[in-house]
Amino acid sequence: MTNSIDDIAAAPCIFAIGCNAPEAHPLIGWRVRTAKDRGAVLIVADPRCTQLAEWADLHLQLYPGTDIALLNALMHVIISEGMHRPDFIEQRTEGFDQMWQVVSNYPPDKAAAITGVPEQQIIEAARMMGRADRVCTIYTLGITEHTVGTHNVMAVADLAMTLGSVGKPAAGVNPLRGQNNVQGSCDMGALPNVFSGYQSVTDAAVRAKFEKAWGAALPGEVGLTLPDMLIEARQGNLKAMYIVGEDIMMSDPNTKHVRQALESLDFLVCQEIFLSSTCELADVVFPAGSFAEKDGTFTNTERRVQLVRRAISSPGQARPDWQIICALGQALGMRMSYSHPSEIMDEVASLTPIYGGIRHNRLGTDGLQWPCPDESHPGTPVLHREKFTRGLGKFAPVEHEPPAETPDDEYPLMLSTGRMLFHYNAGTMTRRTPILQREFPRNFVQINPADAERLGVRRTGKARVTTRRGSLVVDAQVTDRLKEGVIWMPFHFVESPANVLTNDVFCPIARTAEYKVCAAKVEPA
Amino acid sequence: MGNAKTNMPEYFLKADDLQALLSALMASARVIAPVRSDWEEVLFEPIVNGEQATFEYENAVVSPKDFLLPQTEVLARYRRVGKSYQVEAPIEAPPQVIAGIRSCDLSAVQIWDEAIGSGEYPDPYYLARRRGTTFISIACPTVFENHFCAVLDTGPTLQSGFDLHLTAIEGGYAAQVGSDAGLRLVTEQCRFFRPSAPSELQQREQAARDAVAQFAARFDIAAVQRALSSGADLDAIGDAASRCQDCGGCLFVCPTCTCFDVRDYPTGENTGERLRTWDTCAYAGFTRMAGGANPSASRDVRVRRRLMHKLVYRLESEGLLGCVGCGRCIAACLGNISLVDLLARLGGQEKSRVG
Amino acid sequence: MSDSSPYLPTPAALSAVRDETPDIKTFRVQPEQVFDYRPGQFVMLSLWGFGEAPFSIASSRSDGDTMDFSIKRVGGFTEQMHLLQPGDEVGVRGPFGNGFDVEPARGANLVFVAGGIGLAPLRALIHEVLSRRQDFGQIVLLYGARTPADLVYRDELDRLRSRSDLRVQLTVDLGDGKWTGHVGVVPELIKKAPEDFTRWTAFVCGPPIMIRFTVQALLARGLEPGRIVTTLERQMQCGLGKCGHCYIGGKLVCADGPVFTWQQLQEMGAEP
């Protein structure tokens, strides 16, 4: 997030796109609710009529995979009607003219035809945003989980800059990360192209710094993203994997291919708190301690580094992750002896400029938001106040492209997948919690009433959902929260995993899979 | 617990002695008191030293319900032997003192006594703990924001229904004995107590008057009950239901809630436990039957039901209102549903929105 | 139940299991300690390791010391029940609930209307009533299920049909090749019944929708809401009036029910 979570509660206008905060980020949903109660305007773009959409002043119910058309059309109206912010654009950005070249080709009627959102609603939404002093944009996986995911994000940023809504409070471009510490994982360089703090592995000076600190030679090429690891594994080029706290059999698209990939490996090591579906394929499983069993920090979506402290001891042979990793490192001949995670953070700070001033003893109850370059720095609630990382913000115009797989005669429906409040991701924890499991014990598919009737799917019946990758029989939930032609399924159920159906195609830049749309057919079962 | 208008003596406890009293009580009982955590939250916890206890607080985040109705409790342990089972019901009652409990939370204990500890099947697990518990309650100096005990007569102080009730006065506390358990405590710890002087009695009464002096009720409870019972509440309920996300937070923190779930958990091939855990009617699954039928599938139904249960039905079945005005549900709600606003809309003259 | 805790079940041996339909079995149990109960009351059946669930006692005390339960396989607990064999041990807690109070109906005419597994709780009452047949006037039993294979207590129904002191009529939603009886939903039997139902007492049990349509049909035939008696199902965890799951309006089905008159349900603003 460029801004902080509390900025959302103070925003005069919130644009939530590809975001279901009350279910996926309840505490952020609370800030949206609070903003609304203070009189904020709320615009929601989502293929489903979620509770957030019901709170909205305007719900733009677009078809999955048409976000760029919508965003470009919003910019089209805002600029055509003179509601953009010329001062900000002039002083803080470059490339506006090139962007207008592209966006001028997205009048609202053309976007209406692509998105399924009525032209008048697009115009009204643009005017609501244009009239507001500033707009706080929040987005989640509805924007990123597409083959055009990176382009979607660029369009979101373009819109925010058009409205002068970056680098100031109660505004900003705010992705809501999907796990409590995915921001932290990325910050630490659990990515194939950067070390900690987004310092590039291909930068020789940076590499030299880390090589000196760690006493080892480090590769200078960008490594493999997860999807590419699986492709290479299937082809026999990748021999081993060490998977920590991720159930890729559940969370990656096209389960059949994931299984093939893992089974092709010579050696698979997993580190997990429960014996997940991925663990079942492993040669070695290290039992790890849960969040309640370790000291350390989590970095959340607003870049806030917070202390987490051990509350209970680990059962059996389980140990905190850092201890397992250090033991492994030592067995491989590395110098990895820390007596406490705070020492690890001290090392992080010494090598990572944005974490330069982060120390456990500085974190207290509120933590610190990076960038925090030195020990006297109070942290950074709002990014880009004076300038962007590269100096001027660059408008990056993008064109609408359809999803990799669109409906056809054989697979006439669009399947989208997502999250629910009562379950969390692969259900590793929530489906082992009886009262949460009781709420939603089984997988289901949401289907529009007209589609259900046409296909003969009964309200209390079951449906067979099939894609080119696989097929599942699940409970049918007939609901008018979806438009005709669109179906939706949660991905939390290990015995009926939605990713059996999803398409393993990826954004070429971010390598995020297109979980949010593929072609499907439905029959009564 | 004490009866109304018992003519029990009143004592004075020096401010400095309160923590020392708690330390002394530890010789014969587990002492549970408000403790301020590093995160500035006050929670009831067992203490090992009187100095851990804090009395500078509005109220603890949750009531001390866990010490009488545990969040998780073993109802039975079983072991299979052939085709039969050996079963035992572990009923424990360690003596405990719960100090620092506010008038509202103590009023909730009366509801637990009626709902769980009475009736055709008084709960032996609860009663064992209850009989072993002595309460040292503390009156509030004022009605805190979003609290409404004064409308419901559950605070800021109590006239009866307590063991030993403290009210802050100059130099210390007026300590009223309200029951045999309270009298026993004062007798055993007599070195901390001396009989009150008449001026101290007056100070206590003045403190009680001062505590409500600034309070203005925003609703009339009888009007609220009439509105709910007649169904003339659809808009207000609908507004609340549109905000509610079924998180159950309001009921998790509510001192008067007593519902629970019973479930078996194997602990080995032939052994296991039947556990009772807190549950909440906010969840749709609370009433869903095995075949899928659910009389409370609609959120409007569930929102309305919990208001009816707290404000109307409890009165009918247990003779006590099912709300003590502690205000925790308002603080907990992610949908910004304010019970006070809702009640004002139902039974006051306010046409306010619910959040 | 035990003196030390009302949560401890009495052990009961399973003496017989009988297949009624493809998904319904009747279990006969012999509790270690026999207790009295009224028709319409229920027990919490306990399977250690799988929990408990409420089941109406489908037999009458007048039948003897064993108790019958007819159980449809719909979920986790009932799946486990269906795996049991004679000789296995279950637990029994109860009896709970108000049961049917048949005294006000002495001398009156009775009509029993059931759908599917709903015949189970009424069976207890029918046994009780037939054990003192002379105390009651006319008796009619109207019973239906989706298909002939879904009718429970077939043998017993045949025996009842051969009696001259009551009228039994069956119906199915869908016939099979061999069914020669009435085809249609249960409320149709009420509409077509030759009796004049005013001042009769009706006992109704079945799926919620069936109850609602049946009651409408009975009201249309002149029965009073105060004389239409039904028994309800709810999610239950304790049976003791404590856990809260079985609420209906301001009451609890386990303690204030499960038997209610239609008039009581309307006064509570509640539905089956």
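Annotations for the structure displayed:
- Scanning segment B:239-268 for residues that are away from every other protein chain (no Cβ under 14 Å) and surrounded by 22 or more Cβ atoms within 10 Å (Cβ to Cβ) yields one hit, B:P255.
- Candidates B:Y57, B:Y121, B:Y125: the one that is in contact (Cβ under 8 Å) with a residue 12 or more places away in the chain and more than 30 Å from B:R209 (Cα to Cα) is B:Y125.
- Flag for A:D133 being over 24 Å from the mean Cα position of the chain (by Cα), among the charged types (D, E, K, R) and assigned to a helix (DSSP H, G or I): no
- Test: residue in segment C:79-95 that is at pLDDT 95 or above, away from chain B (no Cβ under 14 Å) and either in contact with a strand residue (DSSP E or B) (Cβ under 8 Å, 6 or more places away or on another chain) or within 18 Å of C:Q30 (Cβ to Cβ) (or both): no
- Screening B:L334, B:L251, B:L339, B:L321 for residues that are modelled with pLDDT of 90 or more and touching a strand residue (DSSP E or B) at 6+ places or on another chain (Cβ under 9 Å) leaves exactly one candidate, B:L251.
- Tabulated pairs, segment A:343-365, first within 15 Å of A:D187 (Cβ to Cβ), second aromatic (F, W, Y) and in a helix (DSSP H, G or I), C-beta under 6 angstrom, 6+ apart or interchain: A:V348/A:Y355; A:A349/A:Y355
- When the residues of segment B:46-68 are filtered to those that are in contact with a Leu (Cβ under 7 Å, 6 or more places away or on another chain) and small (G, A, S), the one that is nearest to B:P156 (Cα to Cα) is B:A60.
- Scanning segment B:226-238 for residues that are within 12 Å of chain C (Cβ to nearest Cβ) and in contact (Cβ under 8 Å) with a residue 40 or more places away in the chain returns B:L228, B:S229.
- Among the candidates B:T280, B:T287, residue that is in contact with a His (Cβ under 7 Å, 6 or more places away or on another chain) and buried (at least 22 other Cβ atoms within 10 Å of the Cβ): B:T287
- Selection count where residues are touching a Gly at 6+ places or on another chain (Cβ under 9 Å) and assigned to a strand (DSSP E or B), scope segment A:437-477: 2
- When C:V74 is tested against (1) more than 8 Å from chain B (Cβ to nearest Cβ); (2) at pLDDT below 95; (3) closer than 24 Å to C:L252 by Cβ, just one condition goes unmet, and that condition is (1).
- From the list B:A232, B:A236, B:A222, the one residue that fits, being loosely packed, with under 15 Cβ neighbours inside 10 Å and assigned to a helix (DSSP H, G or I), is B:A222.
- From the list C:R163, C:R132, C:R212, C:R167, the lone residue that is under 26 Å from C:R73 (Cα atoms) and surrounded by fewer than 18 Cβ atoms within 10 Å (Cβ to Cβ) is C:R212.
Every residue, every condition in (1) out of contact with any Lys or Arg (no Cβ under 8 Å at 6 or more places or on another chain); (2) of a type in the set (F, W, Y); (3) in a loop (DSSP other than H, G, I, E, B), yes or no:
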residue	(1), (2), (3)
B:A33	yes, no, no
B:D38	yes, no, yes
B:E51	yes, no, no
B:V62	no, no, yes
B:E73	no, no, no
B:P90	no, no, yes
B:I101	yes, no, no
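- Any hit, segment A:161-174, residues being buried (at least 22 other Cβ atoms within 10 Å of the Cβ) and in a helix (DSSP H, G or I): yes
- Residue selected from segment C:43-71 under the condition out of contact with any Pro (no Cβ under 9 Å at 6 or more places or on another chain) and charged (D, E, K, R), by the criterion farthest from the other protein chains (Cβ to nearest Cβ): C:D63
- Screening B:H165 against (1) farther than 30 Å from A:I28 by Cα; (2) surrounded by 17 or more Cβ atoms within 10 Å (Cβ to Cβ); (3) touching a helix residue (DSSP H, G or I) at 6+ places or on another chain (Cβ under 7 Å) leaves a single unmet condition, (3).
- Checking each residue in segment B:281-340 for being polar (S, T, N, Q) and either under 24 Å from the mean Cα position of the chain (by Cα) or within 11 Å of chain C (Cβ to nearest Cβ) (or both) picks out B:T287, B:N294, B:S296, B:S317, B:N336, B:S338.
- Top-ranked residue of segment B:53-85 - restricted to ones that are within 10 Å of chain C (Cβ to nearest Cβ) and farther than 17 Å from B:A128 by Cβ, ranked as surrounded by the most Cβ atoms within 10 Å (Cβ to Cβ): B:Y78
- Being closer than 23 Å to B:R276 by Cα and surrounded by 18 or more Cβ atoms within 10 Å (Cβ to Cβ) holds for only one residue in C:P31, C:P6, C:P39, and it is C:P6.
- Which numbered condition C:E79 fails, given (1) outside any loop (DSSP other than H, G, I, E, B); (2) buried (at least 21 other Cβ atoms within 10 Å of the Cβ): (2)
- Boolean, B:V212 is assigned to a helix (DSSP H, G or I) and either in contact (Cβ under 8 Å) with a residue 12 or more places away in the chain or within 13 Å of chain C (Cβ to nearest Cβ) (or both): yes
- Meets criteria (closer than 30 Å to B:D38 by Cβ and more than 23 Å from the chain's Cα centre (by Cα)) for A:G333: no
The values are calculated or read from the model by the stated rules, or taken from the named source; none is laboratory data. If you're wondering where the values come from, they're calculated on a predicted model, not measured in any experiment. Methodologically, a virtual Cβ is constructed for each residue, glycine included, from the backbone with ideal geometry; neighbour enumeration extends over all protein chains shown.
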